[in-house]
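Here is the structure we will look at.
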Amino acid sequence: MTIYIKLYGIQRTGTNYSEWLLKNNFSDVDVLKHGCMLGWKHGPPTRFENIDWEHGKNWEYKPFIEHKENQKRVQEYIREASAKRSSIELARKKGRFKYFFCIRSPYTWITSKGPRWCGYDRNVKGAIDHWNKTTREYLDFYNSEEDVSFIVKHADLLNNPSGLLVKISEKFKISFNKSEFINLEKEIGPLTDISEKPFNREKYSNKNFYNNIPESTIIQIRNNIDLDLMKRFCFKIK
């Protein structure tokens, strides 16, 4: 029986890689189209009862979804959701509709392209406020739906993806065979397109990012970060 997964995470937290791993290592798993169907994957989590099945509102970044040239893609989402609606609603009732939240340390996130894509280029306080707000929303949602939710830490995606999938398998009773683990050897681009460029884990390592954070940025993060969130996710404070 199919398990449907709704994936969330702010930009540069591993949503595309998570989607690729889930699709390629589990059978009978459907990560809803590019992670954006039934709610924009980079935005606030959408309660199941608040899903807009008919118009696809908030399924994508609002300026994107309102452009005429993007309506074909939006309509494809709506048609696919309509075709799957009864199956998804039944899966929800049976506990087979899962929420995944991708979380990343603010230190490595702030030095990635994430803040720029969120509209906070060089604005450290604004970026950290966004990280605090969105990460808190994900955690609150997770706490209210813990039985059907899972938190994916970016560091685990890099350091031990097979171990992460084992934990997912154990929690949700999804069949996964370690000997058949499919690892990523290429970089993943937008919409989970696989490029021919080799995936360089060192490029995304915590050490790499930490070594390139100016002291002034570290101070701003320390002064504005949500300390409760840092403690909850066991992120070190520099």
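The values are calculated or read from the model by the stated rules, or taken from the named source; none is laboratory data. Quick caveat, the model's predicted, so the values are computed rather than measured. For neighbour counting, all protein chains shown are included, and Cβ atoms are generated from backbone atoms with ideal geometry for every residue, glycine included. Remember, those area values only see protein heavy atoms, side chains included, never the ligands or the DNA or RNA. Shrake-Rupley method; radii C 1.70, N 1.55, O 1.52, S 1.80 Å.
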- Query: Looking at 88, 110, which is the one that is of a type in the set (Val, Ile, Thr), open to solvent by less than 60 Å² (accessible area, probe 1.4 Å) and over 22 Å from residue 47 (Cα atoms)?
  - Reply: 110
- Taking into account only those residues within segment 210-234 that are among the hydrophobic types (A, V, I, L, M, F, W, C) and within 15 Å of residue 131 (Cβ to Cβ), which is modelled with the lowest pLDDT? 213
- Message: Out of the helices (runs of 4 or more DSSP H) lying entirely within segment 52-164, which hold 3 or more residues that are touching a Leu at 6+ places or on another chain (Cβ under 7 Å)?
- Response: 124-144
- Task: Within segment 113-157, work out how many residues are exposed (fewer than 15 other Cβ atoms within 10 Å of the Cβ), among the acidic types (Asp, Glu) and either touching a residue at least 40 places away in the same chain (Cβ under 8 Å) or closer than 27 Å to residue 47 by Cβ (or both).
- Result: 3
- Assuming residue 55 fulfils every condition listed in (1) farther than 30 Å from residue 166 by Cβ; (2) in contact (Cβ under 8 Å) with a residue 40 or more places away in the chain apart from one, which condition is it? (2)
- Message: So residue 237 ticks every box in (1) open to solvent by 50 Å² or more (accessible area, probe 1.4 Å); (2) over 17 Å from residue 129 (Cα atoms); (3) at pLDDT 75 or above but one. Which box is left unticked?
- Response: (2)
- Task: Would you be able to tell me the number of residues in segment 8-35 that are over 15 Å from residue 135 (Cβ atoms) and either open to solvent by less than 10 Å² (accessible area, probe 1.4 Å) or assigned to a helix (DSSP H, G or I) (or both)?
- Result: 15
